[in-house]
Amino acid sequence: MEAYLDNSATTRTFDEVAKLMVKIMIEDYGNPSAMHLKGVEAEEYIKKSAERISKVLKVDPKEILFTSGGTESNNLAIIGAALANERSGKHIITTSVEHASVRSTMDFLEERGFRITYLPVNSKGVVDVKDLETSICDDTILCSIMYVNNEMGSVMPVKEIGEIIREKKPDIIYHVDAIQAFGKYEIHPRRQKIDMLSVSSHKIHGPKGAGFLYIKDKTKIKPIIYGGGQQRGMRSGTENVPGIAGMGLATEMIYNNLSEKIDRLYELKDYMIDRLSKIEDVRINSGKGRDVAPQIVNASFIGVRSEVLLHALETKNIYVSAGSACNSNKHVSSNTLKQMGLKPEEIESAIRFSFNLQTSKEEVDYAVDTIKEMLPKLRIFVRK
């Protein structure tokens, strides 16, 4: 049996999405900038994808900018907004638990004279909106907050933050990294006062190498990729038509009857937490219930390092993650768990399990039963 429980790293592409992409690559392969029929056909796929995505978000299709994925979307949003608005100020607000694609971008801007405020989080990994409110000053031009934390599944008060920004300093650009939230929540940027929203295709059963950035009309932002002027000059380069079309279809599919799918995910998540809680020296770091994301369970297996357990499970065809996939291959300790106040032994033994809409109860049972069997042996081996 196989249990793939690393869906926050990437998901399996929907069959329908893969078929559509193959058709485009083999039959409708024109360059969307070309003026002939093949080009027009390719451009229609891009328009269709923008329509599918904008319908879900309840925004205008022209506000959807296609990118190569979440990292580029975050870079463009943050760097583009900072450079476009630096004459108005050089202060940016974010959190202490952001994804590396945001943290590293902030480092880049800090080296260039921008001042970054990193909001702390509580033991649940959530920021206090009062800290945000007191951090806003005359020099603040941008606020970038993740929707769902990629390691813990903690959910930030996105709508409340948007309302505070609009009340205190309306001209602040509000960016939300929704890479782990899109496909799990109904997201409506206008209602939530969001100016820019980052999304990655391969987290929602779409292809890798595709993503988008919602940019509210009239938001002041500069491009960071220059060339032929595609996408109204905001991102030059020939569009990845198969990836864009696949992402649009995946979006439509995942949001069809979303509430029923999410109810099932919450049941599965709480079921796994209940089972893991009964194992000796296992600490559950993620919470149960609707206050946290439905697809992520983070737990510490005291006495066994994360990578040891990860590779042991791999031999049984069980696939999990030791924190963020972007950090796992570098053996970087989790900044999120550290910011939440976890002890070193809890951080070093933390494993992230993440589900998709097709994850079965049998996969969860197989994973938990295997862990229960492995842990005593692994702990004895470590002690030796």
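What to note about this one:
- If the condition is being surrounded by fewer than 18 Cβ atoms within 10 Å (Cβ to Cβ) and either closer than 9 Å to Gly153 by Cβ or out of contact with any helix residue (DSSP H, G or I) (no Cβ under 6 Å at 6 or more places or on another chain) (or both), then the range 282-301 contributes Gly289, Arg290, Asp291.
- So Ile53, is it open to solvent by less than 50 Å² (accessible area, probe 1.4 Å), touching a strand residue (DSSP E or B) at 6+ places or on another chain (Cβ under 9 Å), aliphatic (A, V, I, L, M) and under 18 Å from Val241 (Cβ atoms): yes
- Residue count for the range 109-131, restricted to those that are assigned to a helix (DSSP H, G or I), under 18 Å from Ala77 (Cβ atoms) and open to solvent by less than 30 Å² (accessible area, probe 1.4 Å): 1
- Met106 falls short on exactly one of the conditions (1) under 24 Å from Ala9 (Cα atoms); (2) in contact (Cβ under 8 Å) with a residue 40 or more places away in the chain; (3) open to solvent by less than 70 Å² (accessible area, probe 1.4 Å), and that condition is (2).
- Positions within the range 1-32 being open to solvent by less than 70 Å² (accessible area, probe 1.4 Å) and either modelled with pLDDT under 95 or part of a loop (DSSP other than H, G, I, E, B) (or both), in sequence order: Leu5, Asn7, Ser8, Ala9, Thr10, Thr11, Thr13, Phe14, Asp28, Gly30, Asn31, Pro32
- Criterion (modelled with pLDDT of 95 or more, in contact with a His (Cβ under 6 Å, 6 or more places away or on another chain), closer than 27 Å to Leu65 by Cα and not in a loop (DSSP other than H, G, I, E, B)) met by exactly one of Ser144, Ser104: Ser144
- In the range 69-98, residue farthest from Ser154 (Cα to Cα) [restricted to those that are buried (at least 19 other Cβ atoms within 10 Å of the Cβ) and among the small types (Gly, Ala, Ser)]: Gly89
- Single residue of Lys193, Lys218, Lys203, Lys222 found to be under 21 Å from the mean Cα position of the chain (by Cα), open to solvent by 60 Å² or more (accessible area, probe 1.4 Å), closer than 25 Å to His175 by Cβ and at pLDDT 95 or above: Lys193
- Some residue of the range 249-269 being in contact with a His (Cβ under 9 Å, 6 or more places away or on another chain), at pLDDT 95 or above, buried (at least 17 other Cβ atoms within 10 Å of the Cβ) and small (Gly, Ala, Ser): yes
- Some residue of the range 372-381 being farther than 19 Å from Thr11 by Cα, modelled with pLDDT of 95 or more, open to solvent by 20 Å² or more (accessible area, probe 1.4 Å) and among the acidic types (Asp, Glu): yes
- Count of the range 282-299 residues which are part of a loop (DSSP other than H, G, I, E, B) and touching a residue at least 40 places away in the same chain (Cβ under 8 Å): 7
- Any pair with Cβ under 6 angstrom, 6 or more apart, that starts in the range 335-364 at a residue that is over 22 Å from Glu307 (Cβ atoms) and ends at one that is open to solvent by 30 Å² or more (accessible area, probe 1.4 Å) and outside any helix (DSSP H, G or I): Gly341/Ser123
- For the range 309-332, taking the residues that are surrounded by fewer than 19 Cβ atoms within 10 Å (Cβ to Cβ) and of a type in the set (A, V, I, L, M), the one that is modelled with the lowest pLDDT is identified as Val332.
The values are calculated or read from the model by the stated rules, or taken from the named source; none is laboratory data. None of the values given here were measured: they were computed from a predicted structure. All Cβ positions, even for glycine, are placed from backbone atoms using ideal geometry, and neighbour counts span all protein chains on display. Note: areas computed on protein heavy atoms with side chains; ligands, DNA, RNA excluded. Shrake-Rupley method; radii C 1.70, N 1.55, O 1.52, S 1.80 Å.
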